[in-house]
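One structure is given here, and the rest of the page talks about it.
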Amino acid sequence: MKETNDTSDDGKVYDLTFDGDKVVFTETASLSQTKSSKKKKHTVRYYFIEGIRKVIMLAALCVFTYSSYELTNIYLDYKDGDDAYDNMEKMFEVPDIQVVEEQTDEFGNTVISSNQSIEWTYDFQKLLNANSDAVGWIKQDNIISYPIVAGTDNTYYLTHNALHVENKAGAIFLDYRVEGGLEANNCIIYGHDMLNDSMFGTLIKYRTKSYYDAHPTFDIYIGEKHYKYYVFAAYETDQIGDTYSYNFASDEEFQNYINLCLSKRLYATNVSEVTVVNKIVTLSTCTRHDQSKRMIVQLIRGEEIT
């Protein structure tokens, strides 16, 4: 006996059995029933999960698109801020022509060989012409180089640069409450901690002594004068606290403040003694890891550069 399977023209499926010379047809199922049985049947749970999956994918696409938009805006804001300050710094760039040597050509004429470089020469009047709120400039090698401005509050220059243009980088500005400005016993200067290390973004690196060892000084221009300042303390502190003291009533009160700052520093510096005769500058910025904390780098005024 031999068995096989076949489909007739009427769409039905038969089992064919050979019994000697006889062929026996036995109907088993229709073709549509056979195909239907092969199809996977989806439950309500399947469609529910598929729906959730599609919603998640759509939400992820929306988040990606929005994040890309925000990152683009942040990049453009950073670039605008950097470009504005680069242009301000270029106000002080002047050609520096140096004579290398004098030679005589074959006809007996004197030929002067010279080269030209760009020299950065601070000009307070040019700075005032750009912004009448300007009081000076802070500079540290090729790392920090910004005008210092003094507003009528501590909020405007958080969102406006030194040319009064709205920008997230803001400006380097004095605490408006400090009497005497850059000539005060303790002058407090604020700046944003930008992620590209612009503005005061590099101050957080003073957490390590190795960075201090490589960058122990700042140059600060006050009006037309230029002073060298020396870092004497670096530490983190609360957003509101004794570090932000100013306008001291007596020398004793000021010395107590100095002693407090020395007790907070993360490591000893080359400045071993600070007294009431010293002018202090307190630089303040955010810490990135904790919005309630601030990174503080404090300087004392040294020699005047002439």
Exercise. Of the numbered conditions (1) acidic (Asp, Glu); (2) under 30 Å from Leu127 (Cα atoms); (3) surrounded by 14 or more Cβ atoms within 10 Å (Cβ to Cβ), Glu236 fails exactly one; give the number of that condition.
Key: (2)
Practice problem: State yes or no: is Thr287 closer than 24 Å to Gly302 by Cβ, touching a residue at least 24 places away in the same chain (Cβ under 8 Å) and not small (Gly, Ala, Ser)? | Solution: no
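Report whether or not Ser272 is part of a helix (DSSP H, G or I), farther than 30 Å from Thr121 by Cβ, out of contact with any Asp or Glu (no Cβ under 7 Å at 6 or more places or on another chain) and assigned by TED's automatic domain parsing to the domain that holds Ser145.
In short, no.
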Quiz prompt | Per-region count, the range 173-215, residues under 25 Å from the mean Cα position of the chain (by Cα) and within 17 Å of Phe254 (Cα to Cα) | solution = 2
Quiz prompt | Filter result for Glu252 (loosely packed, with under 15 Cβ neighbours inside 10 Å, at pLDDT 95 or above and over 30 Å from Gln125 (Cβ atoms)) | solution = yes
Quiz item: In the range 84-96, which residues are surrounded by 10 or more Cβ atoms within 10 Å (Cβ to Cβ) and either modelled with pLDDT of 80 or more or out of contact with any Asp or Glu (no Cβ under 7 Å at 6 or more places or on another chain) (or both)?
Solution: Ala84, Tyr85, Asp86, Asn87, Met88, Glu89, Lys90, Met91, Phe92, Glu93
Practice problem: Say whether the condition of being of a type outside the set (Lys, Arg) and farther than 24 Å from Ile144 by Cα is met by at least one residue in the range 210-231. | Solution: no
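Tell me, which strands (runs of 3 or more DSSP E) lie completely within the range 106-168 with 1 or more residues that are modelled with pLDDT of 95 or more?
Output list reads 134-140, 144-149.
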Self-check item: Criterion violated by Thr287 - all others in (1) β-branched (Val, Ile, Thr); (2) loosely packed, with under 14 Cβ neighbours inside 10 Å; (3) at pLDDT below 95 satisfied
Solution: (2)
Practice problem: Out of the residues in the range 275-306 that are among the small types (Gly, Ala, Ser) and not in a loop (DSSP other than H, G, I, E, B), state the one that is farthest from Ala214 (Cα to Cα). | Solution: Ser284
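Out of Tyr212, Tyr206, Tyr227, I need the residue that is closer than 30 Å to Tyr122 by Cβ, among the hydroxyl-bearing types (Ser, Thr, Tyr) and in a strand (DSSP E or B). Which one?
After applying the criteria, what remains is Tyr227.
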Quiz item: Taking the range 244-259 only, how many residues are out of contact with any helix residue (DSSP H, G or I) (no Cβ under 8 Å at 6 or more places or on another chain), in a helix (DSSP H, G or I) and not charged (D, E, K, R)?
Solution: 6
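The values are calculated or read from the model by the stated rules, or taken from the named source; none is laboratory data. None of these values were measured; they are calculated from a predicted model. With ideal geometry, Cβ positions are generated from the backbone for all residues, glycine too; neighbour counts draw on all protein chains shown.
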